[in-house]
Amino acid sequence: MANIRFISTTNVKPVSDHDFDDQNHDFSPRIELTPWDLRLLQFEYIQAGLLFHKPEYSSSFTTTFVDHLKSTFSRALAIFYPLAGRLIAVENNADNNDNDNDNSAASFFINCNGDGALFIHAAIDGVTVADVLEPVIIPDDIVYSFFPMTGVLNCEAAFSELPLLAAQVTELVDGVFVACTMSHCACDGASFWHFFNIWSEIARRGGVSRCCRPVFSRDRYFEGVIDLPIRNIPISRNKISDKRYVLPPNLQQRMFHFSKEKIAELKAKANAEIGITNSNEIMISSLQALMAHLWISVTRNRRLDLDETVSYMVIMGLRQRFRPPLPEEYFGSSIRAVSAKCTAKELLEQGLGWAARKINRMIASQTAMEVRKSLKDWAKSPVLPQMGKFPANTLMTGSSPRFTAMISVGEGR
């Protein structure tokens, strides 16, 4: 196991920048949560981080760097002020002493009280950048130690004093890892990287463009579609421990890289197989062709019974599919999981083009009308999915190559 040392843990509160005093002119003390936010209550916080080399010329680099990041972290919190707040649950049966009541329900909101976010400075002894990047199998004992609040469910923050955001800066022998752990009820991947990029820009330049500030309003987009708050969320503090997902102990993880040439080859093959040769026709995208290739490969190697159902689940961003479209700066979750399904026999016999078209049509089905309908349906009858409770033989793709994750915080990229 990696030997991690925690040097300091600080609760950082927002500190306004006088140059941007009007940045939150639409400040709201309370952020209501939409179905997109709420359906993630039983999932873990979103986590991502960046690995940098230390410059060789400065022995005092790390201390200066960490202090600078902590200072700019507080300024970023002033812009993304809900992240310094707390998730609040209002339990509908608060006076009911029956802890085994399965009909418990609650509503949730973010209290923008400025209580702060965690900032942790740590060091991991004897570990180099190469120790992280070079192994074929991801060294989980090292990588997981870079992140705070691992394994915490989003709903736990509502029944405790846990923050919505924690950052950890970990020193390596020759590098630094900067990580964030953020409530998935407060953000999706796009919002997560928006925060990371704004923090980075403040660290590099001392300020940010006004046009980049986040949009927190719910009323202007969801009024007339759903009524907020949603009060019938089926969850209570007594049932949280039942919702945890534990990774299999022997699970190994690794990264795969597909070359640009290989992806182009897969795309051409998929389109040729379904007879798409004209660019004016609806073509299979590079990503759809790659997902179809993975779906077929994994299904073949699992050696399933041919009549078993197999699924490919895609976590889709909905900002541009909603009407009117949500701005890119909208801060919150705007994602939905959709699935393509068939039998193993169909998938293996029909081939790449057929599988890619099935994924293509599944994605295309998420029209503005369908997105709006799904919001209304969920608000009427909320269902909270759980990690580890997906249908068997499901392969899932999340995140996005469009996220801006090539970030500099003053030490390179």
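Only helical DSSP H runs with n ≥ 4 go in: add -39500 (n - 2.57) per run for the chain, normalise by residue count and round the 222 nm mean residue ellipticity to 500 deg cm²/dmol.
It lands at -8500 deg cm²/dmol.
Any idea what % of Cα-Cα pairs in the range 4-243 are farther than 29 Å?
35 percent
Identify the chymotrypsin sites (Phe, Trp or Tyr not before Pro) of the range 161-254 meeting these criteria: DSSP loop state and at most 15 other C-beta atoms within 10 Å of the C-beta.
Passing sites in the range 161-254 are Tyr245.
With a 10 Å cut-off between alpha carbons and a GNM built on the chain, which of Glu328, Glu261, Glu156 moves the most?
Glu261
Can you list which of the DSSP-assigned H helices in the chain have a Cα extent of 15 Å or more along the long axis and an average Kyte-Doolittle score of at least 0.0?
Taking the DSSP H segments of the chain (at least 15 Å long, mean hydropathy at least 0.0), we get 61-79, 286-302, 352-364.
If you take the alpha carbon radius of gyration of the range 260-382 and divide it by 2.2 N^0.38 Å, what ratio comes out, to two decimals?
Compared with the compact-globule rule of thumb, the range 260-382 sits at 1.20.
All other residues with a Cβ under 10 Å from the Cβ of Ser107 taken together, and with Lys, Arg as +1 and Asp, Glu as -1, what is their net charge?
Around Ser107, the surrounding residues sum to -1.
Here are several values of Cα Rg over 2.2 N^0.38 Å: (i) 1.04; (ii) 1.24; (iii) 1.52. Which one was derived from the coordinates shown?
Entry (i).
Beta carbons within 10 angstrom, averaged per residue: use that to sort the peptides 35-44, 138-147, 110-119, highest first.
Highest mean packing first, the order is 35-44, 110-119, 138-147.
How much length would be gained if the chain were fully extended between Val90 and Ser365, taking 0.36 nm per residue of separation minus their Cα-Cα distance, in nm to one decimal?
Answer, rounded to one decimal: 95.5 nm.
Say the cut-off is 27 Å between C-alpha atoms; which of Lys267/Lys341; Lys345/Lys373; Lys260/Lys358; Lys260/Lys373; Lys341/Lys376 go over it?
Too far apart for the 27 Å limit: Lys345/Lys373; Lys260/Lys373.
Which trypsin sites (Lys or Arg not before Pro) in the range 326-402 pass both tests, a DSSP loop state and at most 16 other beta-carbon atoms within 10 Å?
Lys389, Arg402
Net charge within 11 Å of Lys358 by Cβ-Cβ distance, Lys/Arg positive one each and Asp/Glu negative one each, not counting Lys358 itself?
+2
Of His293, Ala84, Ala158, which is farthest towards the positive pole of the chain's charge dipole, taken about the Cα centre with +1 and -1 on the beta-carbons of Lys, Arg and Asp, Glu respectively?
His293
Size of the dipole of the range 4-243 about the Cα centre, Lys and Arg at +1 and Asp and Glu at -1 on the beta carbon, nothing else charged, in debye to 20?
So the magnitude is around 500 debye.
Cβ under 12 Å from Asp307's Cβ, Asp307 left aside: what net charge do those residues give with Lys, Arg +1 and Asp, Glu -1?
-2
Coordinate-derived values only; no laboratory data. Everything numeric here is computed off the predicted structure, so don't read it as measured data. So basically every Cβ, Gly included, is an ideal-geometry build from the backbone, and we count neighbours across all protein chains shown.
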